[in-house]
């Protein structure tokens, strides 16, 4: 449901200058020894300001060290000690930064309530922390609390007008609020489903059933079932165009942290809507599993593969024609063909080709290997390295074998 926190929301707690012995402490034992020694000095000379200052800074610097390792509890404890010894403004700001950094981790792990609590603690320590309001906006937006998200992002920009990403998110929100603020809710255990007034309630219930089926079937393929509620928004055609006015006309649905499905009025094909739901739900799983690092061609190929389980009516005409004319897209160039500015014909070929690649990898090697590729991508491997490690072939060799397999695939139905 949620996007990874942008880099501009990162940890910015800082250490203060101290004596060389303290500044170069490396492990827990060394830090604890330094703090023990300084604590003893303060006990012996309680009125010596320098000793209290050095002990306070030692607690602060150790806290920054602990926060860098994700040891939030001990980091906050040592910062509390520093603040008790000396009311330095930097200690308070560092405490806020530690809470905010913990909130980022909780946010990325979909621990939304815990993340919200950490953000509140950050703002208690530093009410002018723009990054905390920026993250609070993301939390509220992800929960479809759009007015609250707007207020948080506006406050973030008041405090720091240079947050360009927040300004962009706020601009996007302004187009969504008039449409989505009136959505009706059809929630259930695993999804937060909302629909525009013009979308029939029975259709919303059908979509909810399709989502449950997608969770069961696609979840089994990826061996992953999110424990958080995925937000799903159902629009009329006009409503979807209003919130995504710059999107290409060929866009059948979208996943951007929320599943967005335009539902045409009139003679609507429920199988097509179900296919879109399966497709976009696949993107949601891949976002989590690969931590946003899956290349577009594999992401779209897997989504097309899963979408075909709901409605396998997609043609292979452009793919067959490109194969016959020896005009297939090199794997290294496929991602470029999914851009909104590309011609519909090129985008259609990119989708068909990506689908065929995903099907080849799954049929030839098994879906369990796809899961391992997702894991490798999440851990920071490049696409080329993840594929080579898993399939024991470099990407050029894999592409060559796919091309050998392709004629049998396009010959099944064109």
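So here's what we get for this one:
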read-out: Gaussian network model of the chain, Cα within-10 Å springs - most flexible of 51, 325, 80; value: 325
read-out: Sites residue 86 and residue 160, calculated FRET efficiency, Cβ-Cβ separation with R0 22 Å, nearest 0.05; value: 0.20
read-out: Angle between the chain longest axis and helix 367-378 axis [Cα atoms, degrees, rounded to 10]; value: 40 degrees
read-out: Inter-label distance for residue 394 and residue 47, nm, one decimal - labels placed 7 Å from Cα along Cα-to-Cβ; value: 7.6 nm
read-out: Theoretical FRET efficiency, 1/(1+(r/R0)^6), r = Cβ-Cβ of residue 252 and residue 128, R0 35 Å, to 0.05; value: 0.20
read-out: Rounded to 10°, Cα long-axis angle of helix 164-180 versus longest principal axis of the chain; value: 50 degrees
read-out: Length gained when the stretch residue 270-residue 327 is fully extended (0.36 nm per residue, less Cα-Cα span); value: 17.1 nm
read-out: Contact order normalised by residue count of the stretch 290-414, Cα under 8 Å, 6+ apart, percent; value: 37 percent
read-out: Debye log10 I(q)/I(0) for the stretch 189-323, one point scatterer per Cα, at q = 0.14, 0.16 Å⁻¹; value: -0.63, -0.83
read-out: FRET efficiency, 1/(1 + (r/R0)^6) with R0 35 Å, evaluated for residue 375 and residue 403 via beta carbons; value: 0.80
read-out: Computed [θ] at 222 nm, helices only, for the chain once each DSSP H run of length n ≥ 4 contributes -39500 (n - 2.57); value: -21000 deg cm²/dmol
read-out: The chain - percent relative contact order, Cα under 8 Å, separation 6 or more; value: 10 percent
read-out: With Cα atoms, 0 to 90° folded angle of helix 49-68 axis to the chain main axis; value: 20 degrees
read-out: Label selected from (i) 23.9, 77; (ii) 22.5, 83; (iii) 26.0, 88, the criterion being Rg and Dmax of the Cα atoms in Å as computed here; value: (iii)
read-out: Centroid-to-centroid separation of the stretch 39-64 and the stretch 166-190 [C-alpha atoms, Å]; value: 50 Å
read-out: Spatial separation of Cα centroids for the stretch 80-102 and the stretch 343-363, in angstrom; value: 52 Å
read-out: Computed lengthening from residue 346 to residue 225, 0.36 nm per intervening residue step minus Cα-Cα distance; value: 40.2 nm
read-out: Antiparallel DSSP beta bridges within the chain, as percent of all bridges there, nearest 5; value: 30 percent
read-out: Contact order normalised by residue count of the stretch 182-288, Cα under 8 Å, 6+ apart, percent; value: 28 percent
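All of the numbers you see were taken from the coordinates with simple rules; none came from a lab. Remember, predicted model here, so these are calculated numbers, not experimental data. Positions of Cβ are backbone-derived with ideal geometry, glycine not excepted, and every protein chain shown enters the neighbour counts.
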